1. Please enumerate the residues belonging to the stretch 54-78 that are more than 13 Å from F20 (Cα to Cα) and aromatic (F, W, Y).
2. Counting residues that are open to solvent by 90 Å² or more (accessible area, probe 1.4 Å), which strands (runs of 3 or more DSSP E) fully inside the chain reach at least 2?
Amino acid sequence: MQYNVYLQHDFGEQYEDLEFYVNVDEEDCYEMAGDSPVTTHVMRQVAVEYAMARFFKQNHVFNIGDRISVLEVEEMYT
């Protein structure tokens, strides 16, 4: 599944909207769900986790007092 994850990096008085396209791996969804069934909610959680990982891999600076908010998680249909 492909998702478009919209995050907002809040620096206090300023903010930056970020957009990440992520491909969610089915195995990661089963791992996140544990004994529960894999639902759309679980797939969205995995998508957010991937987006956060990409946020830090792209060398975004995260300082004390900064905040990241998830604005939207949108499933992409191909």
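1. Answer for the stretch 54-78, where residues must be more than 13 Å from F20 (Cα to Cα) and aromatic (F, W, Y): F62, Y77.
2. Numbers: elements: 2-10, 15-23, 67-76.
Those strands (runs of 3 or more DSSP E) span 15-23, 67-76.
The values are calculated or read from the model by the stated rules, or taken from the named source; none is laboratory data. Worth saying up front: this structure is predicted, and the values here are computed from it rather than measured. Ligands, DNA and RNA are stripped out before the accessible areas are found, and what is left, the full protein with its side chains, is counted by its heavy atoms. Shrake-Rupley method; radii C 1.70, N 1.55, O 1.52, S 1.80 Å.
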